[in-house]
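The values are calculated or read from the model by the stated rules, or taken from the named source; none is laboratory data. All of these numbers come straight from a predicted model, not from anything done at the bench. Reconstructed Cβ throughout: ideal geometry from the backbone, glycine too, with neighbour counts over all protein chains shown.
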Amino acid sequence: EAGVAQSPRYKIIEKRQSVAFWCNPISGHATLYWYQQILGQGPKLLIQFQNNGVVDDSQLPKDRFSAERLKGVDSTLKIQPAKLEDSAVYLCASSLMVGSGGNTIYFGEGSWLTVV
Amino acid sequence: AQTVTQSQPEMSVQEAETVTLSCTYDTSENNYYLFWYKQPPSRQMILVIRQEAYKQQNATENRFSVNFQKAAKSFSLKISDSQLGDTAMYFCAFYDTGRRALTFGSGTRLQVQP
């Protein structure tokens, strides 16, 4: 079974530029998450999708971050314009069922962003 | 809001010995799940072990086991017969069925010494 796929793995951009990250969850997984992990910290939830609807985006900085999950499969996270403090690893994760903690949440390898 | 606290930023253990990583959490929920994830330098989060709050029996996965104390809101991870490949960051995480997402602690960096 293929895991959660993310791209690009690494990205370096200048502040005020834009960047987009792509995620393909495990086939059949209804729930998709984007987490931000700043160096030395634990991951922080940015947004959670259930199929193609947003369940929770309370911690997403909406003035610069946007995310979508068209057709309930792939997802894209965009940052525009980027700030230095956005330097982090962006982790995509997915799980099988709606709202069930009994299901394992699987993570991708992450997309490393450096803003200079 | 739930909080997860890992009070040990770094730990070291000799190969083949046993080490325990601590985690405490705060919640008013009664139905939840607790996880330990391992994160090697590649940054991929790998599930180590899972505990359902309604189960009194502590979870065990090969060399990994937990000590779950629900009343004390404590969830420690014990690694037996430590191996060099266990060197990684370890994150404790809380899943509540209301919010339907994981809240992570700040992590413990474990170094296994040869």
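Would you be able to say whether some residue in region B:33-40 is farther than 26 Å from A:GLN36 by Cβ and not hydrophobic (A, V, I, L, M, F, W, C)?
Checked region B:33-40: no residue is farther than 26 Å from A:GLN36 by Cβ and not hydrophobic (A, V, I, L, M, F, W, C).
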Criterion: at pLDDT 95 or above and either surrounded by fewer than 13 Cβ atoms within 10 Å (Cβ to Cβ) or more than 12 Å from chain B (Cβ to nearest Cβ) (or both) - qualifying residue of A:LEU84, A:LEU70, A:LEU96: A:LEU84
Checked region B:86-114 for anything without any contact (Cβ under 8 Å) to a residue 24 or more places away in the chain and closer than 20 Å to B:ARG43 by Cβ; matches are B:ALA101
How many residues of region B:44-101 are surrounded by fewer than 16 Cβ atoms within 10 Å (Cβ to Cβ), part of a loop (DSSP other than H, G, I, E, B) and among the β-branched types (Val, Ile, Thr)? The answer is 1
Residues in region A:12-41 that are surrounded by 22 or more Cβ atoms within 10 Å (Cβ to Cβ) and either within 16 Å of B:TYR95 (Cα to Cα) or hydroxyl-bearing (Ser, Thr, Tyr) (or both): how many? 5
Scan region A:69-84 residue by residue and report those that are part of a strand (DSSP E or B) and not aliphatic (A, V, I, L, M). A:SER75, A:THR76, A:LYS78
Consider only pairs whose beta carbons are under 8 Å apart and that are at least six residues apart or on different chains; among these, list those whose first residue lies in region A:11-31 and is assigned to a strand (DSSP E or B) and whose second residue is of a type in the set (Lys, Arg). A:VAL19/A:LYS11; A:VAL19/A:LYS78; A:ALA20/A:LYS78; A:PHE21/A:LYS11; A:PHE21/A:LYS78; A:THR31/B:ARG100
Inspect region A:107-115 for any residue being in contact with a helix residue (DSSP H, G or I) (Cβ under 6 Å, 6 or more places away or on another chain) and not in a loop (DSSP other than H, G, I, E, B) and give the result as yes or no. yes
Given B:VAL48, B:VAL66, B:VAL19, which one is at pLDDT 95 or above, within 16 Å of A:ILE105 (Cα to Cα) and more than 9 Å from chain A (Cβ to nearest Cβ)? B:VAL48
Within region A:10-45, restricting to residues that are more than 13 Å from chain B (Cβ to nearest Cβ) and of a type in the set (S, T, N, Q), the one that is farthest from the chain's Cα centre (by Cα) is A:GLN17
Any hit, region B:24-42, residues being under 12 Å from the mean Cα position of the chain (by Cα) and assigned to a loop (DSSP other than H, G, I, E, B): no
